[in-house]
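Undergrad: Below: one structure in structure tokens.
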Amino acid sequence: MVSVATQAGTRGAQESRTPTSHAQVVSVYGMMAGSMVLVMALLAIWCAWFAAKPGIVTSPNSTYDYIIVGAGTSGCVLAGRLATLNPSKSVLLVEEGGEFGWLATMPVAAPLLQNSVTNDWQYRTVPQQQSSWGLWNRTSFWPRGKGLGGTGQLNFMLHSLGVREDYDDWRDKYGAFGWDADTLLPYMKRMLSAGTCASTDTGECNAKSSKPRVALESVNPNDSGIASAFLDAGRILGIESDYVGEMEYGFISAKHTISQGQRWSTVHGYLKPEMKRENLNVLLNSHVSQILFSDSEDSTITAEAIKIVDEYEKEVKVITANHEIILSAGSINSAQILLLSGVGPKEHLDDMRIPVVADLPVGHNLFDHLNMPMYVTFESPVSITKMKLSSLRVLWDYMIHSRGYLASSGVQAVGKASSGSGIILFGMGTTDDALRDVANFRPD
């Protein structure tokens with residue numbers, strides 16, 4: 001417009017030139033408007049092309065061979081592997097939430113994601129009688145991820161293979177043969193190894209991937225004064241790092257599921273590489289309210305379908321499974337769905353007026369790693385604080401070099417005993433800033 005106005009003023013001062021007609025002005029504006037419409041159309045097509053994500057559906061089929069409820073850490077693995085190894089079978093992965101935004105890729109943002117309305121179920125324990133005395137109302141926050149990737153998209157990314165005793169107890173005490181430590185270790189090694197087999201329809205290895213299924217980065221004690229001091233304390237106490245069948249014990253540097261400064265989860269390692277497969281569909285923003293069962297001729301109860309409610313359309317749909325329904329909605333929601341479906345303690349179901357399908361002790365064996373926060377004040381400025389995070393140098397290091405405070409979860413080291421107990425060294429925040437609210441900490 002400035003250019004046109006300048007040209008018109010110049011022509012008015014030169015009597016030898018013909019004045020611009022109204023038709024010519026309209027023509028110029030018409031060309032400009034047409035160009036703008038074309039640019040906007042091309043921009044819309046470009047955005048739609050990049051926004052389109054293969055595998056994600058809004059209108060699922062009425063029947064699938066396998067239905068997986070819950071797109072968390074385990075659900076993403078199951079969906080990716082089932083679709084890969086069974087190319088002739090259809091797989092549907094159903095998730096209550098949507099996709100996590102860009103903030104979830106930044107490791108240091110975990111405290112901001114937890115307790116959020118969009119990404120967290122916001123569960124709380126009831127007030128405790130024998131614990132949680134240092135928390136407001138003696139209540140523990142219980143973060144559970146809601147969205148593609150589940151809790152693996154909002155936790156602090158701390159990685160551990162666990163302890164041998166737990167795996168062996170599954171076999172020895174509960175008869176879960178094939179789940180002992182020695183049997184599972186080859187699979188653990190494979191998921192952590194770079195150069196694993198790339199996906200093929202036959203399952204054969206005809207190429208190597210550049211990243212492991214689970215990418216890990218370890219805290220370097222040379223870059224962290226607090227981690228270095230922690231490891232020194234372990235050596236003074238005579239508790240140094242040791243391996244027992246690939247499982248590490250003692251005072252050790254923290255290992256995180258981080259790759260090149262960004263959060264890495266089973267969404268990246270197992271699900272996304274397979275989402276172009278025609279036999280894999282992912283349904284987001286859909287609440288599974290119930291599993292439907294049927295009685296066979298031999299009185300065997302079989303799970304045959306799920307009932308879902310679309311978050312936007314509020315439409316109830318029933319989707320049938322030809323082979324299996326796999327419930328992987330987490331330690332809380334899996335039990336809840338079973339109870340709502342009539343599978344659980346008969347007395348409790350009767351109280352809730354839910355028809356009993358199977359009288360089973362659902363929810364009676366719940367374990368989780370709830371923690372007890374203990375704040376320690378250091379004289380040296382070794383902790384990650386909000387002031388440090390607001391530095392331009394810190395932002396530069398992260399955006400250009402994918403390193404620094406923003407690429408850290410804040411967990412620097414761990415002390416891990418064979419009994420399953422341990423300590424986590426979390427070097428972030430101060431007792432007088434908002435980060436303590438993540439743990440519901442009540443200062444004295």
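The values are calculated or read from the model by the stated rules, or taken from the named source; none is laboratory data. Quick caveat, the model's predicted, so the values are computed rather than measured. Note: ideal-geometry Cβ built from the backbone for every residue, glycine included; neighbour counts use all protein chains shown. Areas reflect the complete protein model, heavy atoms only, side chains present, ligands, DNA and RNA absent. Shrake-Rupley method; radii C 1.70, N 1.55, O 1.52, S 1.80 Å.
Undergrad: Exactly one of these conditions fails for residue 110: (1) modelled with pLDDT under 90; (2) touching a Ser or Thr at 6+ places or on another chain (Cβ under 7 Å). Give me its number.
TA: Result: residue 110 fails condition (1) only.
Undergrad: Now a separate question. Among the residues of region 76-100, write down those that are within 16 Å of residue 277 (Cβ to Cβ), open to solvent by less than 10 Å² (accessible area, probe 1.4 Å) and out of contact with any Lys or Arg (no Cβ under 6 Å at 6 or more places or on another chain).
TA: Listed by number, the residues that qualify are 76, 79, 80, 84, 91, 92, 93.
Undergrad: Got a number for residues in region 228-260 being more than 16 Å from the chain's Cα centre (by Cα) and either among the small types (Gly, Ala, Ser) or under 22 Å from residue 407 (Cα atoms) (or both)?
TA: Looking only at that region, the number is 15.
Undergrad: For region 303-339, what are the residues that are assigned to a loop (DSSP other than H, G, I, E, B) and on the phi > 0 side of the Ramachandran plot?
TA: Within region 303-339, 314 is the sole residue that qualifies.
Undergrad: Also, I was wondering about something else. Looking only at region 33-50, decide whether some residue is modelled with pLDDT under 95, open to solvent by 30 Å² or more (accessible area, probe 1.4 Å) and within 30 Å of residue 155 (Cβ to Cβ).
TA: yes
Undergrad: Return yes or no: is residue 218 modelled with pLDDT of 90 or more and under 24 Å from the mean Cα position of the chain (by Cα)?
TA: Yes, satisfied.
Undergrad: When you go through 217, 274, 240 one by one, which is the residue that is more than 20 Å from residue 384 (Cβ to Cβ) and either among the basic types (Lys, Arg) or open to solvent by 20 Å² or more (accessible area, probe 1.4 Å) (or both)?
TA: Selected residue: 240, the only one of 217, 274, 240 that is more than 20 Å from residue 384 (Cβ to Cβ) and either among the basic types (Lys, Arg) or open to solvent by 20 Å² or more (accessible area, probe 1.4 Å) (or both).
Undergrad: For region 340-364, name all the residues that are buried (at least 17 other Cβ atoms within 10 Å of the Cβ) and either among the charged types (D, E, K, R) or in a helix (DSSP H, G or I) (or both).
TA: 340, 349, listed by residue number.
Undergrad: Here's something else I'd like to know. Collect the residues in region 365-398 that are more than 22 Å from the chain's Cα centre (by Cα) and part of a helix (DSSP H, G or I), keeping them in residue-number order.
TA: Once the filter is applied, which keeps residues that are more than 22 Å from the chain's Cα centre (by Cα) and part of a helix (DSSP H, G or I), region 365-398 yields 386, 387, 388, 389, 392, 393, 394, 395, 396, 397.
Undergrad: Can I ask one more? Please go through region 91-115 and give me each residue that is without any contact (Cβ under 8 Å) to a residue 24 or more places away in the chain and of a type in the set (Ser, Thr, Tyr), ordered by number.
TA: Answer for region 91-115, where residues must be without any contact (Cβ under 8 Å) to a residue 24 or more places away in the chain and of a type in the set (Ser, Thr, Tyr): there is none.
Undergrad: Search region 309-329 for residues being of a type in the set (Ser, Thr, Tyr) and touching a residue at least 60 places away in the same chain (Cβ under 8 Å), and hand back the single one that is surrounded by the fewest Cβ atoms within 10 Å (Cβ to Cβ).
TA: Per the stated criteria, the residue is 320.
Undergrad: Applying the selection to region 65-78, what residues are outside any loop (DSSP other than H, G, I, E, B) and within 20 Å of residue 338 (Cβ to Cβ)?
TA: Here is the first cut: in region 65-78, the ones outside any loop (DSSP other than H, G, I, E, B) are 65-69, 73-78.
Of everything in region 65-78, those that are outside any loop (DSSP other than H, G, I, E, B) and within 20 Å of residue 338 (Cβ to Cβ) turn out to be 66, 67, 68, 69, 73, 74, 75, 78.
Undergrad: Follow-up question, since we're still on this one. Collect the residues in region 101-127 that are assigned to a loop (DSSP other than H, G, I, E, B) and either open to solvent by 60 Å² or more (accessible area, probe 1.4 Å) or within 30 Å of residue 323 (Cβ to Cβ) (or both), keeping them in residue-number order.
TA: Once the filter is applied, which keeps residues that are assigned to a loop (DSSP other than H, G, I, E, B) and either open to solvent by 60 Å² or more (accessible area, probe 1.4 Å) or within 30 Å of residue 323 (Cβ to Cβ) (or both), region 101-127 yields 115, 117, 118, 121, 122, 126, 127.
Undergrad: Still on this model: Which condition number in (1) in contact with a strand residue (DSSP E or B) (Cβ under 7 Å, 6 or more places away or on another chain); (2) crowded, with 17+ Cβ neighbours inside 10 Å is the one that residue 332 fails?
TA: Status for residue 332: all satisfied but (2).
Undergrad: With respect to the numbered conditions (1) open to solvent by 40 Å² or more (accessible area, probe 1.4 Å); (2) modelled with pLDDT of 75 or more, which one is the sole condition not fulfilled by residue 411?
TA: (1)
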